[in-house]
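The values are calculated or read from the model by the stated rules, or taken from the named source; none is laboratory data. If you're wondering where the values come from, they're calculated on a predicted model, not measured in any experiment. Here the Cβ positions follow ideal geometry from the backbone for every residue, glycine too, while neighbour counts run over all protein chains shown. What goes into the accessible areas is simple: the full protein's heavy atoms, side chains included, and nothing from ligands, DNA or RNA. Shrake-Rupley method; radii C 1.70, N 1.55, O 1.52, S 1.80 Å.
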Amino acid sequence: MADLKTWRTERDITQAALAALLGTTPPTVCRIEAGEQWPGAELMAAIENVTGGAVTASDILAHHKTAAE
């Protein structure tokens, strides 16, 4: 299980660069990483694709629940 921020920082990828790969904006990436926003189906598919399956919907849901506590 990996969260998006850990995956991104381990690869020295900026939020802006990841946003470009995902076809979204840096603030959206920031909110997803913080557990403040749940990505829609299209963006979730893009996250799984860009991370090679290292970050899944289950990972983001787990992080989202942790951030809410």
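Run down Ala20, Ala46, Ala16 and say which single residue is open to solvent by 40 Å² or more (accessible area, probe 1.4 Å), touching a helix residue (DSSP H, G or I) at 6+ places or on another chain (Cβ under 8 Å) and part of a helix (DSSP H, G or I).
Only one candidate qualifies: Ala16.
Which of the residues spanning the range 1-13 are within 12 Å of Leu61 (Cα to Cα), in a loop (DSSP other than H, G, I, E, B) and open to solvent by less than 60 Å² (accessible area, probe 1.4 Å)?
Scanning the range 1-13 gives Ala2, Asp3.
Please go through (1) of a type in the set (D, E, K, R); (2) within 12 Å of His63 (Cα to Cα); (3) modelled with pLDDT of 95 or more for Glu33 and return the number of the only condition it doesn't satisfy.
Unmet condition: (3).
Within the range 25-39, is even one residue in contact with a helix residue (DSSP H, G or I) (Cβ under 8 Å, 6 or more places away or on another chain), part of a loop (DSSP other than H, G, I, E, B), loosely packed, with under 15 Cβ neighbours inside 10 Å and of a type in the set (A, V, I, L, M)?
Yes: the range 25-39 contains one or more residues that are in contact with a helix residue (DSSP H, G or I) (Cβ under 8 Å, 6 or more places away or on another chain), part of a loop (DSSP other than H, G, I, E, B), loosely packed, with under 15 Cβ neighbours inside 10 Å and of a type in the set (A, V, I, L, M).
So that you can scan it fast, the table gives a plain yes or no per residue for (1) in contact with a Leu (Cβ under 9 Å, 6 or more places away or on another chain); (2) among the aliphatic types (A, V, I, L, M):
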| position | (1), (2) |
| --- | --- |
| Gln15 | no, no |
| Ala19 | no, yes |
| Leu22 | yes, yes |
| Thr25 | no, no |
| Arg31 | no, no |
| Thr56 | no, no |
| His63 | yes, no |
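Report, ordered by the first and then the second residue, all pairs with beta carbons closer than 9 Å, sequence separation of six or more or different chains, a first member in the range 55-69 that is loosely packed, with under 14 Cβ neighbours inside 10 Å, and a second member that is modelled with pLDDT under 85.
Close Cβ pairs satisfying both conditions: Ser58/Met1.
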